[in-house]
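The values are calculated or read from the model by the stated rules, or taken from the named source; none is laboratory data. Since the model is a prediction, treat every value here as computed from it, not as a measurement. Neighbour counts run over all protein chains shown; Cβ positions are idealised from the backbone, glycine included.
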Amino acid sequence: MKRSHDSRAVVTGAGSGIGQAFAVELAARGGSVVCSDIDERAAQGTADAITDQGGKALAARCDVSSIHDVHVLANEAWSWFGGPPSFVVNNAGVGAGGAVIGQTPLADWEWILGINLWGVIHGCHVFAPILREAGAGSIINVASAASFGAAPRMGPYNVSKAGALALSETLAAELAGSGVHVSVLCPTFVRTNILASGRISEQSTELGARLMRLTGMSAARVARITLDTHDRGGLYVMPQLDAKAVWRIKRLAPGPYTRALGLLERVGPMRDTTASSEGR
């Protein structure tokens, strides 16, 4: 089934990065797309880019950490489509890292969990019943290889993405046989602005930027791979080889894997415990 074609799609975090790539690719596949973002100007920019290419798009402001905003988004999308949405991408996310657990400010925990985890929870809570009632549809939740990689100094981010992964697996089981299919995206480095817009220490930002330049995949390619995998019925989407390798190693040898991470933490470039977290 070509679930990603001719859809009525809602994409959160569509103002840039992976969300923007999803919105553009879904429109290229014949879909009408509601491009939502907390930054309304960025959302409008994505919508304008789609309409300039002859596609159909609507910009909408939405703070996914607010259940009220997500309900408003669903109503706005339904009204614009003239019926229920058929495709939902819960993508909105932010980054945080650089400090160990106990030194990471609780405000950073609350901020990142509010967007990365509660944003996905809100999206599933609001849209899953709509799609179930329609008897067909698609949900893609954007997690990360961090959801199972559990690298040091990324506690809030790891936890938020692990929750999104578990939620996706649970939702896939609950929706089995309903006509609604669920996929969860778990990439490693993708060339986006998440390092610049997150609460990440300067040292970690520099390291992440180097790795992104060396190994990062384009957001457009990630979106295409994810949608193609979703069309084939895949639950897990790991577009890069390093994500697949970590997935397998973690399951085959969880103890040695964790000890190896501990060794890297003690001798690696992120061992400076004086690194501070910076707000947007």
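Being under 30 Å from Glu265 (Cβ atoms), at pLDDT 95 or above and part of a strand (DSSP E or B) holds for only one residue in Asn141, Asn158, and it is Asn141. Phe127 falls short of the stated requirement of being in contact (Cβ under 8 Å) with a residue 40 or more places away in the chain, in a helix (DSSP H, G or I), of a type outside the set (Ser, Thr, Tyr) and in contact with a Lys or Arg (Cβ under 6 Å, 6 or more places away or on another chain). Within segment 161-195, if we keep just the residues that are part of a helix (DSSP H, G or I) and among the β-branched types (Val, Ile, Thr), the residue that is nearest to Val222 (Cα to Cα) turns out to be Ile194.
Phe81 falls short on exactly one of the conditions (1) under 22 Å from Ala143 (Cα atoms); (2) touching a strand residue (DSSP E or B) at 6+ places or on another chain (Cβ under 8 Å); (3) among the aromatic types (Phe, Trp, Tyr), and that condition is (1).
With respect to the conditions (1) over 17 Å from the mean Cα position of the chain (by Cα); (2) surrounded by fewer than 21 Cβ atoms within 10 Å (Cβ to Cβ); (3) among the small types (Gly, Ala, Ser), Ala162 lacks only one, and its number is (1).
Condition test on Ala151, is it closer than 23 Å to Pro256 by Cα and touching a Phe, Trp or Tyr at 6+ places or on another chain (Cβ under 6 Å)? No; evaluated as a whole, the condition is false for this residue.
Report yes if some residue within segment 42-56 is part of a strand (DSSP E or B), farther than 24 Å from Ser144 by Cβ and at pLDDT 95 or above; otherwise report no. The answer is yes, given that some residue of segment 42-56 is part of a strand (DSSP E or B), farther than 24 Å from Ser144 by Cβ and at pLDDT 95 or above. For segment 26-54, the candidate set comprises residues that are among the acidic types (Asp, Glu) and surrounded by fewer than 22 Cβ atoms within 10 Å (Cβ to Cβ); within that set, the residue that is farthest from the chain's Cα centre (by Cα) is Asp52. Applying the selection to segment 87-108, what residues are part of a helix (DSSP H, G or I) and either surrounded by 17 or more Cβ atoms within 10 Å (Cβ to Cβ) or among the basic types (Lys, Arg) (or both)? Listed by number, the list holds a single entry, Asp108.
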